[in-house]
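S.K.: Let me give you the structure first, and then I'll get to my questions.
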Amino acid sequence: MSMVERIIGRDVGGAHLKAALVERGEVADVLQVPCTLWQGIEAIDAAVACVYARWPHARDATHAVTMTGEMVDLFPDREAGVIALVPRLAQMLGEDVRFFSEAAWLVASEAKREWPRVASANWLASAAWVAGRIDEALLIDIGSTTTDVIALRRGNVAARGKNDAERLQTSELVYQGVVRTPLCALAQRVRFRGVECNVMNEWFATSADVYRLTNELDAGYDQHDTADHRGKDRAATCARLARMIGRDARDANEANWLDLARTFRGAQLRLIEESVAQVLAASLLSVDAPVVAAGCGDFLVREIADRLGRRCIEFDRLLKTNGAAARWARVCAPSAAVALLLSKQREAQATRLACGS
């Protein structure tokens, strides 16, 4: 298989490396591995090694890269993050690597110069790919850490914000996810057994604890350590939830802790819905525009779409892929999108060359 026919898309985040293998224009396999980049840039090396172990032929492929990892506090600023990550990735991935930006695909030297266009552009890759298949929609990607809410209109990305700072202002970026979000970021007060109480502003539990108890978080997506470095069984999860309100797990039964988890779930859902409402109000989308669901929190997207009275289309339904690869493509949408976008461009280039010859 030629390099044009095999493309690896990579979304380099601060907590995960997501990779999608595209062969002959279709997603063949998808992989997500933990990548604790904030602890050291060497985390990238280990994550890339995992990809090579899964796909030994990946070294001979074309590589399409997008990133958000430049945001971690390992780097003094975002520019330094991009400038550090680009050459390291280029060295590991080889000569045929391209970095995604709004304007064009960039080689490493260009990506360093054009760092503002490369930084945190993964949402744009997903949106651009979906916009090429659905004329009008609202793309909602609820991941482990963040939520993207992006309007698509007339086959184009209709986002008002272009970078993280602007997107936080327009509510198109929400720092809420279903795995890594500290529970103290969801609510300051909660009701427990009929009594209102304050929530401790400590990293005692995360959203993964909530969705683990509600049985909505797939264990395959629950890849990071817990807040207390203890287990992920229901007893340990209840203990972490109890700590958020100054209690021990033995102070109540599991049904009570499940109720508390549902309370936090409702609080997070409301926060995301507030941002969705703001984006919809500014978007001028028709009432018939569907919601496209992506991310490991797609179960929340489906609920939001239902509350809005809008049809929900899962990201992987836009692919020709089925089975586990399709499910993981939904979770790792930006990595699949960059691979598919570059594959489409390379195919068009090949067609033009063939016609010219």
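S.K.: Which residue pairs have Cβ atoms closer than 9 Å, lie 6 or more positions apart in sequence or on different chains, and pair a first residue in region 219-234 that is under 16 Å from Pro182 (Cβ atoms) with a second residue that is hydroxyl-bearing (Ser, Thr, Tyr) and not in a loop (DSSP other than H, G, I, E, B)?
M.R.: Asp222/Tyr211; His224/Thr206; Thr226/Thr206; Thr226/Thr237; Ala227/Thr206
S.K.: Right, another one. Given the options Arg230, Arg193, Arg240, name the one that is of a type in the set (Lys, Arg), within 15 Å of Asp259 (Cβ to Cβ) and either in contact with a helix residue (DSSP H, G or I) (Cβ under 8 Å, 6 or more places away or on another chain) or surrounded by 18 or more Cβ atoms within 10 Å (Cβ to Cβ) (or both).
M.R.: Going through Arg230, Arg193, Arg240 in turn, just one is of a type in the set (Lys, Arg), within 15 Å of Asp259 (Cβ to Cβ) and either in contact with a helix residue (DSSP H, G or I) (Cβ under 8 Å, 6 or more places away or on another chain) or surrounded by 18 or more Cβ atoms within 10 Å (Cβ to Cβ) (or both): Arg193.
S.K.: Just to check your reading of the model, which residue among Arg98, Arg88 is touching a Leu at 6+ places or on another chain (Cβ under 9 Å), of a type in the set (D, E, K, R), farther than 27 Å from Thr181 by Cα and not in a loop (DSSP other than H, G, I, E, B)?
M.R.: Working: Arg88 fails: touching a Leu at 6+ places or on another chain (Cβ under 9 Å).
Result: Arg98 is the single residue among Arg98, Arg88 that is touching a Leu at 6+ places or on another chain (Cβ under 9 Å), of a type in the set (D, E, K, R), farther than 27 Å from Thr181 by Cα and not in a loop (DSSP other than H, G, I, E, B).
S.K.: Which ones in region 308-321 are crowded, with 16+ Cβ neighbours inside 10 Å, out of contact with any Pro (no Cβ under 8 Å at 6 or more places or on another chain) and not in a loop (DSSP other than H, G, I, E, B)?
M.R.: As a first pass, look at region 308-321 and keep what is crowded, with 16+ Cβ neighbours inside 10 Å: 308, 310, 312-316, 318-319, 321.
Still in the running and out of contact with any Pro (no Cβ under 8 Å at 6 or more places or on another chain): 308, 314-316, 318-319, 321.
Those that are crowded, with 16+ Cβ neighbours inside 10 Å, out of contact with any Pro (no Cβ under 8 Å at 6 or more places or on another chain) and not in a loop (DSSP other than H, G, I, E, B): Leu308, Glu314, Phe315, Asp316, Leu318.
S.K.: Does region 17-58 hold any residues that are in contact with an Asp or Glu (Cβ under 8 Å, 6 or more places away or on another chain), of a type in the set (D, E, K, R) and outside any loop (DSSP other than H, G, I, E, B), and which are they?
M.R.: Scanning region 17-58 gives Lys18, Glu23, Arg54.
S.K.: Quickly run through region 98-119 and pick out the residues that are under 16 Å from Lys344 (Cα atoms) and free of Cβ contacts under 8 Å to residues at least 12 places away in the same chain.
M.R.: Ala104
Residues are listed down the side, and each one gets a yes or a no for (1) modelled with pLDDT under 95; (2) assigned to a loop (DSSP other than H, G, I, E, B); (3) more than 29 Å from Ala337 (Cβ to Cβ):
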| position | (1), (2), (3) |
| --- | --- |
| Asp209 | no, no, yes |
| Asp228 | no, yes, yes |
| Gly231 | no, yes, yes |
| Cys238 | no, no, yes |
| Gly246 | no, yes, yes |
| Trp257 | no, no, yes |
| Arg270 | no, no, no |
| Asp306 | no, no, no |
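S.K.: Report whether or not Ser109 is of a type in the set (S, T, N, Q) and either exposed (fewer than 15 other Cβ atoms within 10 Å of the Cβ) or over 21 Å from Val331 (Cα atoms) (or both).
M.R.: Against the criterion (of a type in the set (S, T, N, Q) and either exposed (fewer than 15 other Cβ atoms within 10 Å of the Cβ) or over 21 Å from Val331 (Cα atoms) (or both)), Ser109 qualifies.
S.K.: For Asp288, which of the numbered conditions (1) charged (D, E, K, R); (2) open to solvent by less than 30 Å² (accessible area, probe 1.4 Å); (3) part of a loop (DSSP other than H, G, I, E, B) fails to hold?
M.R.: (2)
S.K.: Hey, any hits in region 258-278 for a residue that's under 21 Å from Ala131 (Cα atoms) and among the aliphatic types (A, V, I, L, M)?
M.R.: Yes, there is a match, as at least one residue in region 258-278 is under 21 Å from Ala131 (Cα atoms) and among the aliphatic types (A, V, I, L, M).
S.K.: If you take the residues of region 59-70 that are surrounded by 19 or more Cβ atoms within 10 Å (Cβ to Cβ) and not in a strand (DSSP E or B), which of them is modelled with the lowest pLDDT?
M.R.: This residue is Ala61.
S.K.: Here's something else I'd like to know. Looking only at region 298-335, how many residues end up being more than 29 Å from Arg98 (Cβ to Cβ) and of a type outside the set (A, V, I, L, M, F, W, C)?
M.R.: Kept after step one, since they are more than 29 Å from Arg98 (Cβ to Cβ), are these residues of region 298-335: 299-312.
Next, only the ones that are of a type outside the set (A, V, I, L, M, F, W, C) stay: 302-303, 306-307, 309-311.
Counting residues in region 298-335 that are more than 29 Å from Arg98 (Cβ to Cβ) and of a type outside the set (A, V, I, L, M, F, W, C) gives 7.
S.K.: Which members of region 19-45 meet the condition of being farther than 23 Å from Cys296 by Cα and open to solvent by 20 Å² or more (accessible area, probe 1.4 Å)? Walk me through it before giving the result.
M.R.: Here is the first cut: in region 19-45, the residues farther than 23 Å from Cys296 by Cα are 23-25, 39-42, 45.
Result: Glu23, Arg24, Gly25, Gln39, Ile41, Glu42, Asp45.
S.K.: Can I ask one more? Could you please let me know if Ala348 is free of Cβ contacts under 8 Å to residues at least 60 places away in the same chain, surrounded by fewer than 23 Cβ atoms within 10 Å (Cβ to Cβ) and part of a helix (DSSP H, G or I)?
M.R.: So Ala348 fits the description; yes.
The values are calculated or read from the model by the stated rules, or taken from the named source; none is laboratory data. Computed from a predicted structure; not experimentally measured. Reconstructed Cβ throughout: ideal geometry from the backbone, glycine too, with neighbour counts over all protein chains shown. Note: areas computed on protein heavy atoms with side chains; ligands, DNA, RNA excluded. Shrake-Rupley method; radii C 1.70, N 1.55, O 1.52, S 1.80 Å.
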